[in-house]
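Here is the structure we will look at.
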Amino acid sequence: MGSAAAPLRVLLDMDGVLADFEGAVLRGFRGRFPLEPRLELAERRGFSVREQYRSLREDLAAKVASVYESPGFFLDLDPIPGALEAAQEMLHMQDTEVFICTSPLRKYEHCIVEKYQWVEKHLGPEFVERIILTRDKTVVAADLLFDDKDTIQGAEPNPSWEHILFTCCHNRHVQLPAPRRCLRSWADDWRAILESKRRQ
C-alpha cells in the first residue's frame, strides 16, 4: 500500500479526533454532578476517563460513565476544530481513500446509532458509507490511522497502518519513541504526513 498503483488509505478515529468527546464528558459531568470532584481537561491522563475518575473515588467511575452512556451524548458532540474541513479535503484528494474507523462503547445502545447520525449531520451521507465500526482496529487494512489512543493493540500484532497519534488532553504528556509521529491539531500540516506516506 502507499505505492503509485494503489490509493493512499487513511483511517480517521472519531472520538478525540473528529468529535470532542473529552470536552463533552467534562461539561456533562459538571452539569449532572456539580458537587462531585472532577478532572479538568489539563488534569486528564490516560485514555480511559472512567479509570481516572475511579482513581479519584471508586463510585465516580459509574457516574462519569453515566454521562457518556446517556442518550444524545454522542450526537451532540462538537466537532474538533478543523476536523470536518480536513476530512472533506481528504475525501476529494486524488489517489486517496478516507474512512472513519471508530470503536463503539461496550454499552452500545445509544452510541452506535448516534455515531452514524453525527457523521451524517456533520459530514454528510457520503461519509456514512465510509464508517467502519470495530472493537479491533488492527485488523483493518490501511496506510495511516489518526487516533488519540496512544497504544492500539488487537488480534493483528503488526497492523498495516502507521498510527499517527492525534494530540488530545489525555495524551499530551506521552513521549513517542522514534519513528512514531503525532499530529498536534488539524491546524498542523496533516497534508505533509499523507504526502510523506505516499512517497514510501
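Here are the numbers:
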item	result
Cα shape, segment 91-143, gyration tensor, a/c 1.5 rule	oblate
Electrostatic dipole magnitude of segment 1-97 [Cβ: Lys, Arg +1; Asp, Glu -1; Cα centre; debye, to 20]	480 debye
For the chain, accessible area per residue (1.4 Å probe, heavy atoms of protein chains only), Å²	51 Å²
Estimated [θ] at 222 nm from DSSP helical runs (n ≥ 4, -39500 (n - 2.57)) normalised by residues in the chain, nearest 500	-9500 deg cm²/dmol
Theoretical FRET efficiency, 1/(1+(r/R0)^6), r = Cβ-Cβ of D136 and L35, R0 45 Å, to 0.05	0.70
Simple spin-label estimate for R45 and L75 in nanometres, 7 Å along Cα-Cβ	3.8 nm
Amide hydrogen neighbours beyond the local backbone of E162, cut-off 5 Å, H modeled	L144, L145
Fluctuation leader among A61, A83, A42 - the chain, Gaussian network, Cα springs under 10 angstrom	A42
Most fluctuating residue given options L56, L11, L77, as computed from a GNM of the chain linking Cα atoms under 10 Å	L56
Accessible-area composition of segment 47-200, carbon plus sulfur, in percent [1.4 Å probe]	51 percent
Of [x] 0.99; [y] 0.97; [z] 1.43, the label for Rg/Rh (Cα atoms, Kirkwood Rh) derived from the coordinates	[y]
Segment 98-171, relative contact order in percent, only Cα pairs under 8 angstrom and at least six apart counted	28 percent
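The values are calculated or read from the model by the stated rules, or taken from the named source; none is laboratory data. Keep in mind that what you see is a predicted model, and the values were worked out from it rather than measured. In this analysis, Cβ positions are derived from the backbone assuming ideal geometry, glycine residues included, and neighbour counts consider all displayed protein chains. Only protein heavy atoms, including side chains, enter the accessible area calculation; ligands, DNA and RNA are left aside. Shrake-Rupley method; radii C 1.70, N 1.55, O 1.52, S 1.80 Å.
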